[in-house]
1. Considering each residue of region 1-38, count those that are at pLDDT 85 or above and assigned to a loop (DSSP other than H, G, I, E, B), and give that number.
2. Answer yes or no: is there a residue in region 39-62 that is in a loop (DSSP other than H, G, I, E, B), at pLDDT 75 or above and within 23 Å of the chain's Cα centre (by Cα).
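The values are calculated or read from the model by the stated rules, or taken from the named source; none is laboratory data. In this text the structure is predicted, and so the values were computed from the model without any measurement.
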Amino acid sequence: MKHTLLAFIVTTTAITACDSKPPQDDTQPDGVIPQHQLDALEKSKNVENLLKEADKKRSQSADGDGDE
């Protein structure tokens, strides 16, 4: 009985370990970078552009005020 159970466990483990296809996960991203990270990157680029524009306006107004 013990030998039969042990043989069954070893055989089952060997068959399971030799499965050629890995399990498919539906949450895998389509590309290398997941979409939520691409969205966050796009938002940060928009914030960066907004800050650059604000800095440009601030420096132009500071340059105009110093001439008087």
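1. Counting residues in region 1-38 that are at pLDDT 85 or above and assigned to a loop (DSSP other than H, G, I, E, B) gives 3.
2. No: region 39-62 contains no residue that is in a loop (DSSP other than H, G, I, E, B), at pLDDT 75 or above and within 23 Å of the chain's Cα centre (by Cα).
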